[in-house]
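Structure, as structure tokens:
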Amino acid sequence: MNKVALVTGSYKGIGLETAKQLLTKGYHVIISGRSDDKGIDALNELHTSMAYFHQLDVSDSESVERCMTWIKSKFDRLDVLVNNAGMNYDTWHNAVDADLNQVAKTMDSNFMGAWRMAQAAIPLMQENQYGRIVNVSSGAGAIHGMGGGTPGYSASKAAMNVLTIKLAADLGGSGILVNSVCPGWVRTDMGGSEAPRSVEEGAEGIVWAATLENNGPTGGFFRDGKKIDW
């Protein structure tokens, strides 16, 4: 039976490329995002009956619930959750004078959004005693070597990494593996044109974590399939 994957924030960039790579591996893939129009455009670009779109705002609990209800009805399973949705690489901020309302929105989307999605997805995964949760993090969220700048984004990704550790510990032995992945500095709308890595390169590490064998790692932080410091 083909596995089912949901990729959040996936009608462009790394999310869409992750969907493409999972499709080549035979997964049913649900792309998602806030905009129906952009989602349908992305779905048309994928041009395969194995791909689906569902509207999803990870900062809205009701939207999350609607999406999961649809997945349960459509597939009666969810094997992979890629928490890719993210916002506000706040290079214009520092911790001293950051707009805390903006920081709160960033935390709600990047960190709490991933937590909402995990809590909603885990019961479906537990039914089959199988799951892969991939939290798309960033080197900006690594405590090791962290300096100033991007305070909201960095804090949200550091918190996401803590979530990875906590979920992995709580789900030990369940068949559900949870890992954080840093895709590196990638040429996307957020990464900019000066970034050294392509979206294809950035997505490969995410797909690696999404398709781990049952004896694969859990509770780790990886780039290109190799463990990196928190």
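Conditions (1) touching a helix residue (DSSP H, G or I) at 6+ places or on another chain (Cβ under 8 Å); (2) within 20 Å of residue 224 (Cβ to Cβ), marked per residue:
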position	(1), (2)
103	yes, no
108	no, no
114	yes, no
120	yes, no
124	yes, no
144	no, yes
- Message: Looking for something over 13 Å from the mean Cα position of the chain (by Cα), open to solvent by 70 Å² or more (accessible area, probe 1.4 Å) and among the charged types (D, E, K, R) - is there at least one such residue anywhere in the stretch 73-90?
- Response: yes
- Query: Identify, please: which residue in the stretch 26-51 is of a type in the set (Ser, Thr, Tyr) and crowded, with 21+ Cβ neighbours inside 10 Å and is, among those, farthest from the chain's Cα centre (by Cα)?
  - Reply: 27
- Query: Of all the residues that make up the stretch 93-125, how many are open to solvent by 10 Å² or more (accessible area, probe 1.4 Å) and touching a residue at least 12 places away in the same chain (Cβ under 8 Å)?
  - Reply: 16
- Note on the structure: Across (1) touching a residue at least 40 places away in the same chain (Cβ under 8 Å); (2) buried (at least 20 other Cβ atoms within 10 Å of the Cβ); (3) polar (S, T, N, Q), residue 128 clears everything bar (2)
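Would you check which residues across the stretch 134-155 are among the aliphatic types (A, V, I, L, M) and touching a residue at least 60 places away in the same chain (Cβ under 8 Å) and list them?
So in the stretch 134-155, the residues among the aliphatic types (A, V, I, L, M) come out as 134, 136, 140, 142-143, 146, 155.
Across the stretch 134-155, the qualifying residues are 134, 136, 142, 143.
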- Message: Would you confirm, using the coordinates I've provided, whether residue 158 is free of Cβ contacts under 8 Å to residues at least 40 places away in the same chain and surrounded by fewer than 23 Cβ atoms within 10 Å (Cβ to Cβ)?
- Response: yes
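The values are calculated or read from the model by the stated rules, or taken from the named source; none is laboratory data. All of these numbers come straight from a predicted model, not from anything done at the bench. Neighbour counts are summed over all protein chains in view; Cβ atoms, including those assigned to glycine, are modelled from backbone coordinates with ideal geometry. All accessible areas refer to the heavy atoms of the entire protein, side chains included, with ligands and DNA or RNA removed. Shrake-Rupley method; radii C 1.70, N 1.55, O 1.52, S 1.80 Å.
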